[in-house]
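What follows is a set of notes on a single structure, which appears directly below.
Readers should treat all values here as calculations from the given coordinates under stated rules, not as data from a laboratory. Predicted model, so just to flag it, every value in this text is computed and none were measured. Cβ coordinates were reconstructed from backbone atoms using ideal geometry, including for glycine residues, and neighbour counts include every protein chain displayed.
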């Protein structure tokens, strides 16, 4: 009937099915009116039914399920959970799971409280699995005595010598409030800085106060974007001995460690709806602690806190 260019409505009447059912069947990936083949579609449907009949691994292994759910509640990613499990149970092959299996378990849940809590534990908190393109809007200002990232010591790029930081502001709802973030490039140690205002005097004082709590040999440079809140960077350098370098405009990849970490922070303080003036210091430090206590692949599954303490004792 497709070959005779019969309409979906007519085919549906002939097969006692709705036109929309016929349309969905014919419009499957790689099909269409011209390419649809019943034998191929039948094999695909049988594979799908076999897959649907499989037991869900996390439902059949309660020990494994408890381990995964406990760490999801701590906002660990599925990859972090899977890799840390291998270290915690090196000889127990039943305690193995692929990150994709955890994602699948979360997204196959029916609507309800369990699914809401599991999705809320994920970094992006998407109800469905998809990618969303984001555009970066730079805060461009004339900054006195600006020193470009091009003049930054080469040792910063190598991440071998610790003490080099990246900084930024996370803006709140309607850009009326803000939160400072500092990330050490070698250990990925995060420091979140509560701010009463985002003007350059408040920001540099707050950043210098946090910097001075760090051992002197672990505060060498800071790389920042070209936001006007760092206009008083010379004063910050005077107070902390930390040299400030500025990335090129609209080049967030030059501060990739900080940008990635800001994404982790947004899991706790979603963009466009968070008013940082109403977020307590205790809530901020809780988010900081949870992020610093997660194992990271880039650190061979050590946590940023463990790596930073290793650098302090070096």
Cβ-based exposure ranking for 301, 165, 253, 76, in which fewest neighbours within 10 Å come first: 253, 301, 76, 165
Among 90, 162, 194, which one shows the highest mean-square fluctuation when the chain is modelled as a Gaussian network with alpha-carbon springs under 10 Å? 90
In deg cm²/dmol, rounded to the nearest 500, the helical mean residue ellipticity at 222 nm of the chain, built from -39500 (n - 2.57) for every DSSP H run of length 4 or more, is -12000 deg cm²/dmol
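Taking 2.2 N^0.38 Å as the expected size of a compact globular protein, what ratio does the Cα radius of gyration of the range 1-121 give against it, to two decimals? Intermediate results must be reported in sequence, preceding the final value.
Details: Rg = 21.1 Å, N = 121, 2.2 N^0.38 = 13.6 Å.
Dividing the Cα radius of gyration by 2.2 N^0.38 Å gives 1.55.
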Note down the relative contact order for the range 1-92 as a percent, whole number, built from C-alpha pairs under 8 angstrom at least six residues apart. 13
Under a Gaussian network model of the chain whose springs join Cα atoms within less than 10 Å, the largest fluctuation of 250, 271, 213 belongs to 213
Would you kindly calculate the mean projected area, averaged across all directions, of the convex hull enclosing the Cα atoms of the range 232-314, in square nanometres? 7.9
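Tally the DSSP beta bridges in the chain and give the antiparallel ones as a percent, rounded to 5. Walk me through the numbers on the way to the answer.
Details: 13 of 21 bridges.
Restricted to the chain, the bridges split so that about 60 percent are antiparallel.
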Among (i) 1.00; (ii) 1.39; (iii) 1.11, the entry matching Rg/Rh (Cα atoms, Kirkwood Rh) as calculated here is (iii)
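Kindly state, to the nearest 0.05, the FRET efficiency for residue 248 paired with residue 2, given R0 = 41 Å and r defined as their beta-carbon distance. If you can, show how the numbers build up before the last one.
On the way: r = 55 Å, r/R0 = 1.35.
Using R0 = 41 Å, I get an efficiency of 0.15.
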Within a 10 angstrom radius of the beta carbon, how do 273, 81 rank from fewest other beta carbons to most? 273, 81
If the range 189-229 were replaced by its equivalent ellipsoid, with semi-axes equal to the square roots of 5 times the Cα gyration tensor eigenvalues, what would those be, largest first, whole Å? 19, 12, 9
What ranking do 280, 21 get, fewest neighbouring Cβ atoms within 10 angstrom at the top? 280, 21
Between 151, 216, 288, where does the largest GNM mean-square fluctuation fall for the chain, given springs only between Cα atoms within less than 10 Å? 151
